[in-house]
Amino acid sequence: MKKIIILSLTIITVLASCEAMKVTSDLDPTVDFNKHKTYNVLPWDRDQSELINEFDQKRILNSVHAQMLARGYEKAESGSDISVSTFLLLNEKEQTTAYTNHYNMGGYGYYGGFGYYGFGGGYGMGTGYTTYSTEQYTVGTLIIDIFDNDTKKLIWQGIGAGTIKEDRSKRDNNIPKVLAKIMASYPVKVIKK
C-alpha cells in the first residue's frame with residue numbers, strides 16, 4: 001500500500017522533463033482523420049485508479065480535452081465519432097554504475113617517480129579500486145489510444161515514456177506539455193489562432 005501511495009504522489013512528473021521523454025506513435029494509414037468532428041474521453045480504468053490519484057487523473061484528462069479542443073473537435077458525451085482512452089504503466093528499474101579510481105596511496109607518483117610525499121609514498125598510479133552504486137527508479141509510460149466509434153478499431157496511439165521524478169509543484173505546467181508532446185504526431189494538427 002505504501003508503494004502505491006508513493007507512486008500516486010510522484011506520477012505526473014512521469015515524464016517531468018519533456019526533453020527526457022521518449023515519444024512514439026502509430027496510426028491506421030487508411031483512416032481519414034479529418035472526417036471525425038466529435039470526441040469523448042473514456043474514464044480511467046478501475047485498476048489504474050490505484051496507481052494514480054484523483055487529482056492527477058483530472059490533470060491528465062483535462063489536458064486530453066485541451067488537446068482535442070485545440071484541434072477543432074467538439075466534446076460529445078454520447079454518439080461521438082472517436083473515443084480517447086488513457087492508460088498508465090509503471091515499471092521499477094535498477095541501474096548500477098561502476099567507478100574505478102586508479103589513483104591510490106603508494107607506488108610511483110607524478111613527481112620524479114618517488115611519490116608526492118617522498119620515496120615510495122603519496123598519490124600515484126596503481127591498481128586502484130572500484131566502487132559500485134545502485135539506483136532504483138521508476139519509468140512511467142502514458143498511452144493515449146484513439147478509437148473510431150463506428151468501427152470500434154484503434155486508429156491512433158501515442159506513447160510517452162520517461163523517468164518519474166517527484167516535483168509536485170510543477171505538475172500543472174508539466175502535464176499539458178507532456179500531452180502536447182505525445183499528441184504532436186496526431187494527424188489532425190492544432191488550429192493556430
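Can you name the residue in the range 164-174 that is surrounded by fewer than 18 Cβ atoms within 10 Å (Cβ to Cβ) and among the polar types (S, T, N, Q) and is also modelled with the lowest pLDDT among such residues?
S169
Identify all residues within the range 175-186 that are surrounded by 17 or more Cβ atoms within 10 Å (Cβ to Cβ) and either modelled with pLDDT under 85 or in a loop (DSSP other than H, G, I, E, B) (or both); write none if there are none.
Y186
Working only within the range 146-161, note down all residues that are over 14 Å from S185 (Cβ atoms), at pLDDT 95 or above and in a strand (DSSP E or B).
F147, D148, K153, L154
Across the range 55-84, what is the number of residues that are in contact with an Asp or Glu (Cβ under 8 Å, 6 or more places away or on another chain) and modelled with pLDDT under 95?
1
The values are calculated or read from the model by the stated rules, or taken from the named source; none is laboratory data. Predicted model, so just to flag it, every value in this text is computed and none were measured. Every residue, glycine among them, receives a Cβ derived from its backbone with ideal geometry; neighbour counts consider all protein chains shown.
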